[in-house]
Amino acid sequence: MTKEEADNGRDDMVIDVPGQANAVPDGFNANYLRIYYGKLFPHADMFKWMSYGNDGKHPGCDKSYFGRREFSFTLENDIYIRFQSFNSVTELENSIKEKCPFKIDIGPVYSVDPAKRHAYAQSGDNVFTPVERELVFDIDISDYDDVRYCCTGADVCLECWPLMTIAIKVIDTSLRDDFGFNHILWVYSGRRGVHCWVCDGKARRLTNEQRAAIADYFHVYKGNENSQKKISLPGLVLHPFLARSYTEVLKGFFEAKLLPNQNLLASEERYEKILEMIPDASVASELRRRWQENKRASMSKDDINIVRWEQLKSILQSGKQKMQGLRRCVEEIVFSYTYPRLDMEVSRHMNHLLKAPFCVHPKTGRVCVPIDPNNCDEFDPTTVPTLSQLLEELNRGGLRQDAENEWDRTSLGESVAFFRTSFLQPLLKSCKEEIENSYNAKLQQSKNDLSW
Amino acid sequence: MEVFQSHRKSSSNNVIVSILPFYRSAPPLEVRLEDFEFFAMDRLRVLKGISDGLCRGKKPEEMEKLVVDLWKANMRHPQAVEEVNKDIISHFVLRLVYCRTEELRKWFLSMETTLFRHRFRLESSEAQRALMSEFKLPYKAVSNAEFESVKDKLGQVARSMGQNLAAADAIFYKVPFEEVPDLVSGRRVFIHKGHAYVAMNQVVSLVVTQFRSYISKALILTNRKWTSTIREQEKDRLTPIVEALCTSYLGPDYSQPQEFGEISIKDIDQVAKTSFPLCMRHLFEKVKEDHHLKHGGRMQLGLFLKGVGLKLDDALAFWKAEFAPKVSAERFDKEYAYNIRHNYGREGKRTDYTPYSCQKIISVTPGIGDHHGCPYRHFSEENLRAALVRMGVSSRAVEDVMDKVHNRHYQLACTLTFEAVHGSSCDAGINHPNQYFIDSQRVLQSKNGSVA
């Protein structure tokens with residue numbers, strides 16, 4: 001069903017479809033969204049998250065905190081409104097229900113309420129400037145088009161989605177083990193990628209320079225179609241972060257999954273791309289010659305890709321190779337196919353707006369649900385609940401007295417429950433502790449100041 | 001004089017003065033007006049030399065030598081005390097000159113920090129330790145027990161950089177990773193649970209970050225003092241000198257198009273072939289080929305065209321027409337027109353954006369699907385050669401250009417290209433794409449008697 005059809009006088013289409021009382025045709029439109037925002041979107045949870053414990057219950061709370069956060073809405077006719085801010089959950093909820101945005105973005109927390117920004121200068125003393133913002137990452141599978149042959153562009157399938165899974169594993173492990181962050185939320189972007197929100201206080205207070213440093217730490221894949229060598233791993237050994245990523249995630253995935261599934265060495269066109277990465281032309285020629293001669297995996301029953309990969313490894317890693325550039329060649333190949341390709345710009349600046357979790361993607365109708373990094377192998381983007389599916393589930397449930405927690409009746413319930421128990425509750429506990437500690441420290445300090 | 005000095009009291013109670021000041025406070029000396037100007041200009045030569053070095057992508061060892069040479073050539077004085085005086089006075093004068101806009105502050109901060117970094121590295125390790133304690137960095141050396149537990153990883157990091165873990169008495173400092181962004185950025189430290197293990201020889205980074213932060217704040221304060229009192233007080237004496245020092249130095253900014261350089265949409269194709277530098281030619285070709293450009297490319301090319309003299313209406317028409325096969329007129333008006341108008345200072349905070357200089361363009365790293373940045377830096381050898389040949393550069397000249405590229409003299413490579421294409425020399429060297437364009441037009445005009 002197209003948008004136009006849906007809009008033609010079908011206000012209460014939840015009941016209207018003839019034949020199937022509960023069936024809701026696929027689609028994405030204002031009417032569906034209105035019901036979604038009315039019954040399913042977790043306004044209160046989003047509010048609690050964005051308040052970071054500043055609910056006014058403790059004297060140390062900053063009551064202005066939530067009101068200084070920027071939201072932006074993309075409305076139905078591509079109208080885009082920035083600098084939306086709210087002072088309470090009710091204001092947030094009412095505005096969303098009323099405006100019915102097709103997309104909600106979350107921006108930084110500013111020094112003052114964005115609604116009052118015009119009263120403040122651009123520079124100097126009283127400035128309107130971001131003061132806190134989660135550390136965020138955006139990974140998009142269309143940036144991997146040169147290494148996946150099953151899909152291109154906006155398409156995604158179970159063959160290539162694992163590239164996202166391993167990206168999550170690599171980055172998540174590093175954020176926790178290396179940087180010491182704890183409150184990390186991974187979210188499906190609704191179509192072809194994932195977003196990451198790092199919400200620790202330390203993360204929210206990072207400067208642009210520090211964010212850029214973290215982004216650069218993760219920046220290993222460099223280049224585009226104009227440059228040749230996209231991964232360069234000089235040095236005798238890999239940095240512990242790269243070594244761990246390689247041995248714990250990338251090597252296994254490349255050899256067991258990507259190589260055979262994408263047939264990376266099965267045809268000339270594809271294996272040339274890999275041979276191009278070998279700096280020693282004689283080694284490359286030797287392999288080329290071998291593979292041209294054996295167009296089929298002759299005696300072995302094993303997958304031709306795996307056989308050829310073993311041949312490649314044994315030549316490159318044999319003790320005979322003296323050439324400097326060959327030392328890390330095998331790793332470089334694996335990295336260039338599998339290492340996470342982050343959008344650097346998203347992470348570098350505090351004022352970058354990022355889509356809110358639990359939005360619905362207009363092109364797919366899928367909800368941007370959280371992904372459990374400890375179970376990301378199980379995540380299947382093709383079975384993420386869609387808007388129409390959720391409305392159908394609501395219909396099936398029938399009318400209920402209790403208007404709270406409608407999501408429990410639907411597939412969304414699982415996602416909201418996960419969001420609460422694995423992310424929100426631990427986060428809020430930690431925030432409360434932080435507020436208390438900081439408050440007590442200030443009290444102590446003012447006592448010290450007064451003491452003669 | 002309130003010079004901050006680092007002392008080492010030896011047994012004979014001779015105080016050895018370190019010549020690395022921190023510029024904590026303005027010297028209460030009387031300075032002759034000529035010295036005011038001359039000292040500043042000498043220091044400016046040092047800073048400009050550093051800027052040029054960075055532009056050419058010089059390696060740290062090369063930069064160190066450059067700094068030594070520049071300092072010797074411009075700032076040396078036979079008497080140590082006089083040298084320190086000149087150092088401090090010139091720094092404070094330039095603070096006045098460079099405090100006045102965000103862009104100036106950024107440039108000055110960057111150059112002074114680089115200067116400080118290299119001078120600090122050249123100090124003895126005792127002097128370095130003394131300087132560190134003066135900055136009151138509260139970081140403790142890592143205990144022996146902890147060192148043993150992470151020794152392996154520390155060794156890995158060192159070897160990944162082509163070094164060896166120093167002898168058993170190597171001192172490491174444990175600091176929050178936020179304090180050493182450039183070490184994190186380059187993966188030159190082991191980080192664990194948010195702490196970076198910094199080697200003694202990397203301590204430079206710690207100190208430089210403090211220095212940078214201090215100077216950054218000082219510049220803002222200086223600006224405030226300048227605008228509120230100094231500029232008016234000194235309007236007959238220092239102010240004209242300060243203002244002259246700044247504008248005469250940075251050269252034209254190309255934000256206002258030159259008189260004769262107005263072009264209209266029908267001229268662009270022709271003029272692109274004859275007078276665009278390679279970076280802009282590439283972007284121009286790509287937009288014609290793909291009917292799209294990502295944000296970085298749109299900014300780089302769009303601002304360049306503005307500097308060349310393309311009026312806003314023509315710019316809108318140009319981009320709209322080029323994008324037409326992929327983007328409907330309606331969608332263009334919604335998604336792209338705003339940004340173009342923004343570049344011309346017609347939206348938002350109405351900044352009239354300046355076309356990017358070579359320095360800025362070279363420093364950018366294009367990502368996946370991007371075509372901006374400097375092709376001399378980012379293109380593979382094969383692609384670059386092909387592009388040069390397409391520009392009409394003779395094979396002999398291509399070799400000269402590639403030689404410059406291999407030595408990472410990207411702007412010199414572009415200059416040689418200019419000379420090869422136009423058959424005339426370019427003594428000033430290329431520093432800005434719009435300069436390339438103007439010089440090209442000038443050459444062609446003098447040849448044909450008309451703008452090509």
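All of the numbers you see were taken from the coordinates with simple rules; none came from a lab. All values reported here derive from a predicted model rather than from experimental measurement. Note: ideal-geometry Cβ built from the backbone for every residue, glycine included; neighbour counts use all protein chains shown.
Assorted remarks:
- Label point 7 Å beyond Cα of B:Asn201 along Cβ direction - residues of segment B:111-139 with amide nitrogen under 12 Å: none
- Ascending count of other beta-carbon atoms within 10 Å, so fewest first, for B:Ser380, B:Ser446, A:Ser430: B:Ser446, B:Ser380, A:Ser430
- Cα centroid separation - segment B:292-311 against segment A:234-308, whole Å: 41 Å
- Partners for A:Lys313 among lysines (Cα-Cα distance below 27 Å; same-chain residues under 8 apart left out): A:Lys169, A:Lys222, A:Lys229, A:Lys230, A:Lys251, A:Lys257, A:Lys273, A:Lys295, A:Lys301, A:Lys322, B:Lys153
- Amide H partners (placed H, <5 Å) of A:Leu206, local residues excluded: A:Arg133
- Euclidean distance of C-alpha centroids, segment B:25-91 and segment B:332-350, integer Å: 42 Å
- Calculated FRET value between B:Met75 and B:Ser264, using beta carbons and R₀ = 60 Å, to 0.05: 0.75
- Hits among lysines - C-alpha to C-alpha of B:Lys320 under 22 Å, sequence gap 8 or more where chains match: B:Lys266, B:Lys273, B:Lys286, B:Lys288, B:Lys294, B:Lys306, B:Lys311, B:Lys334
- Within 10 Å of each Cβ in B:190-199, the average number of Cβ atoms from other chains: 4
- Summary value for segment B:135-205: 32 percent relative contact order, contacts being C-alpha pairs under 8 angstrom separated by 6+ residues.
- Summed side-chain charge close to B:Ala324 - residues other than B:Ala324 whose Cβ falls under 15 Å, Lys, Arg +1, Asp, Glu -1: -1
- Counting Cβ atoms of other protein chains within 10 Å of each Cβ in A:74-85 and taking the mean gives 1.
- Each of B:Lys136, B:Lys106 has some number of other Cβ atoms within 10 Å of its Cβ, and from fewest to most they run B:Lys136, B:Lys106.
- Neighbouring partner chain Cβ atoms per residue of A:233-246, average, 10 Å criterion: 5
- Values of log10 I(q)/I(0), in the order q = 0.06, 0.07, 0.10 Å⁻¹, for the protein assembly as shown under a Debye, Cα-only, solvent-free model: -0.50, -0.69, -1.46
- Relative contact order of segment B:265-450: 24 percent, from C-alpha pairs under 8 Å at least 6 residues apart in sequence.
- By the beta-carbon count within 10 Å of each Cβ, the least crowded to most crowded order of A:Tyr52, B:Tyr139, fewest first, is B:Tyr139, A:Tyr52.
- With the highest mean first, a sort of the peptides A:249-259, B:330-340, B:74-84 on other beta-carbon atoms found within 10 angstrom per residue produces A:249-259, B:330-340, B:74-84.
- Full extension of the segment from B:Glu347 to B:Ala317, taken as 0.36 nm per residue of separation minus the current Cα-Cα distance, would add 9.0 nm.
- Set of lysines near B:Lys65 by C-alpha distance (under 28 Å), chain-local residues within fewer than 8 positions excluded: B:Lys48, B:Lys86, B:Lys106, B:Lys360, B:Lys404
- Reciprocal mean inverse distance between Cα atoms of chain B - Kirkwood radius, Å: 25.2 Å
- Backbone N within segment B:270-295 under 17 Å of label point (7 Å from B:Lys447 Cα along the Cβ vector): B:270-278
- Segment A:240-337: relative contact order in percent, alpha carbon pairs under 8 Å with at least 6 residues between: 35 percent
- Gain upon complete extension [A:Asp408, A:Gln311; 0.36 nm per residue less C-alpha separation]: 29.6 nm
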